[in-house]
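The values are calculated or read from the model by the stated rules, or taken from the named source; none is laboratory data. It should be emphasised that the depicted structure is a prediction, and the values quoted were computed from it without experimental measurement. No Cβ is skipped: glycine too gets one built from the backbone with ideal geometry, and neighbour counts run over all protein chains shown.
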Amino acid sequence: MVTANLDDLRAFVAVAREGSFTKAAARLGVSQSALSHTLRGLEARLGLRLLNRTTRSVAPTAAGERLFDSVAPRFAEIEAELATLSELREKPAGTIRITTGEHAAATILWPALAKFLPKYPDVKVELSVDRALTDIVAQRFDAGVRLGEQVAQGMVAVRIGPLQRMVVVGAPAYFRKHPAPKHPRDLTQHDCINLRLATRGDLYAWEFQKGSRKINVRVDGRLVFNHSAHILDAALAGFGLAFVMEDVVAPHLAKKKLVGVLDDWTPPFPGYYLYYPSRRQSSPAFALLVDALRWRGTGADGIR
């Protein structure tokens, strides 16, 4: 089987187009003798004369014209595509795919994207909301957003939000019928609203800590959901205690629609991080989005 590498074909196209070894060599940045040697080697492998050479000119043979007509347009297409790719490297454009959880999507990503996207009309963003820990490499995502403790090793992790905190809350109507728990273990005597985990399918164990003491409590209750919004609705309706993100229930706490308990057992923990493979070649669009999401807090934790 006859083969020819791209450099040999590119050399042939340059000579045939210029009609001169001297001009073609200058265009390609090689010596005239090296170019002549390349063309003789190509002709030898093909077993065909591609160029008629005289002391004054170089012109393709019939076989050379056929090869030129076939190859030259393809090189032009390749060069045009490479030029387009070069523009993408310099101009923010393209689609960015991110996997994230519902809470991060609502509280971190969407507020940032609402400000980011109008500035870059050629950038598209796809958010896949999934509570499972998605393999971003296998599923061809550009990045993922998860809590710091959930980021896999070997990833570049960029902090994009403040510290987070879980809180135990209940409606005033619930506490009129049940005494407030004083210790996490007291929750076993309460009607608690459970969360079904997407990754393993079991129920989430409520996690507490005071100083170095850590306690996980398997709570029980009449309601189980796999979506935090339903858990909040049930808690507001007085159906039991809920264990939810503090920023989600902050407005309800301020309006006294919910009451927090066991606050001394729920310290803050690392918030959300954007993560992506360390070997990823960042596009301008992705680099700009990372910078827009990057947390720039001040003081103990700060504000965006």
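Of note:
- Candidate set from the stretch 270-293 (those that are modelled with pLDDT of 90 or more and within 30 Å of GLY240 (Cα to Cα)); member that is surrounded by the most Cβ atoms within 10 Å (Cβ to Cβ): TYR272
- Among the residues listed as VAL71, VAL125, the single one being in a helix (DSSP H, G or I) and in contact with a Lys or Arg (Cβ under 9 Å, 6 or more places away or on another chain): VAL71
- Here the condition is being of a type in the set (Gly, Ala, Ser) and modelled with pLDDT of 90 or more; of ALA114, ALA152, ALA132, it holds for ALA114 alone.
- Filter result (modelled with pLDDT of 75 or more and more than 19 Å from the chain's Cα centre (by Cα)) within the stretch 83-111: none
- Residue match in the stretch 13-29 (condition: touching a Pro at 6+ places or on another chain (Cβ under 7 Å), in the same structural domain as ALA59 (by TED's automatic domain parsing) and among the hydrophobic types (A, V, I, L, M, F, W, C)): yes
- With respect to the conditions (1) of a type outside the set (Phe, Trp, Tyr); (2) touching a residue at least 60 places away in the same chain (Cβ under 8 Å); (3) touching a Ser or Thr at 6+ places or on another chain (Cβ under 6 Å); (4) closer than 21 Å to THR95 by Cβ, THR134 lacks only one, and its number is (2).
- Number of the condition not met by ALA157 [criteria: (1) among the small types (Gly, Ala, Ser); (2) closer than 30 Å to LEU288 by Cα; (3) not in a strand (DSSP E or B)]: (3)
- Checking each residue in the stretch 207-225 for being within 15 Å of VAL244 (Cα to Cα), part of a strand (DSSP E or B) and among the aliphatic types (A, V, I, L, M) picks out VAL217, VAL224.
- Residue satisfying all of: in the stretch 1-56; part of a helix (DSSP H, G or I), in contact (Cβ under 8 Å) with a residue 40 or more places away in the chain and β-branched (Val, Ile, Thr); surrounded by the most Cβ atoms within 10 Å (Cβ to Cβ) among these: VAL15
- Enumeration of residues in the stretch 187-204 that are in contact with a strand residue (DSSP E or B) (Cβ under 9 Å, 6 or more places away or on another chain) and surrounded by 13 or more Cβ atoms within 10 Å (Cβ to Cβ): LEU187, HIS190, ASP191, CYS192, ILE193, ASN194, LEU195, ARG196, LEU197, LEU203, TYR204
- Failed condition for ARG218, given (1) under 35 Å from the mean Cα position of the chain (by Cα); (2) surrounded by 15 or more Cβ atoms within 10 Å (Cβ to Cβ): (2)
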